[in-house]
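Okay, so here's the structure we're looking at.
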Amino acid sequence: MANINRKKNRRRVHFRIRKKVKGTEERPRLAVHFSNKNVYAQLIDDNSGKTLVSASTKDKKAGLDSSSSSASAAKVGTIIAERGKSAGIDSVVFDRGGFVYSQKVKALADAAREGGLKF
């Protein structure tokens, strides 16, 4: 039962965050998602509804293992920063997706900041 409530609570918090956080072409939204096995990050332009850049542990080009650990999250953060910089994006709005800003979320955000993205 607690697992169902946790999912409902995360979804409710995510919708509350999404009311306030909007991404534009100049400053896209860095949306993160964590499943049990993988880490996903996207730079999204909400005005046009398009994903500009994405990275995950499922990318074959990235060469990451499929795990949802803090180390994998940090690697995805560096990859999304590199791809964002190559696409001409240097400033983003961070959307934690309803996840608590701790461990994995913090590792991804710090790695993206070190990679050159400004929040």
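The values are calculated or read from the model by the stated rules, or taken from the named source; none is laboratory data. If you're wondering where the values come from, they're calculated on a predicted model, not measured in any experiment. A quick note on method: Cβ atoms are made from the backbone with ideal geometry, for glycine too, and the neighbour counts reach across all protein chains shown. Please note that ligands, DNA and RNA were not included when accessible areas were found on the heavy atoms of the full protein model with its side chains. Shrake-Rupley method; radii C 1.70, N 1.55, O 1.52, S 1.80 Å.
For the reader, a short list of remarks on this structure follows.
Residue by residue, here is whether (1) touching a residue at least 12 places away in the same chain (Cβ under 8 Å); (2) open to solvent by less than 20 Å² (accessible area, probe 1.4 Å); (3) not in a loop (DSSP other than H, G, I, E, B) holds:
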{"position": "61", "(1), (2), (3)": "no, no, no"}
{"position": "65", "(1), (2), (3)": "no, no, no"}
{"position": "73", "(1), (2), (3)": "yes, yes, yes"}
{"position": "79", "(1), (2), (3)": "yes, no, yes"}
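- Selection status of residue 88, open to solvent by less than 60 Å² (accessible area, probe 1.4 Å) and either within 12 Å of the chain's Cα centre (by Cα) or not basic (Lys, Arg) (or both): no
- Those residues of region 40-56 which are surrounded by fewer than 18 Cβ atoms within 10 Å (Cβ to Cβ) and part of a strand (DSSP E or B), in sequence order: 50, 51, 54
- Criterion violated by residue 94 - all others in (1) open to solvent by less than 30 Å² (accessible area, probe 1.4 Å); (2) touching a Leu at 6+ places or on another chain (Cβ under 6 Å) satisfied: (1)
- Residue match in region 94-115 (condition: in contact with a Pro (Cβ under 8 Å, 6 or more places away or on another chain) and not in a helix (DSSP H, G or I)): no
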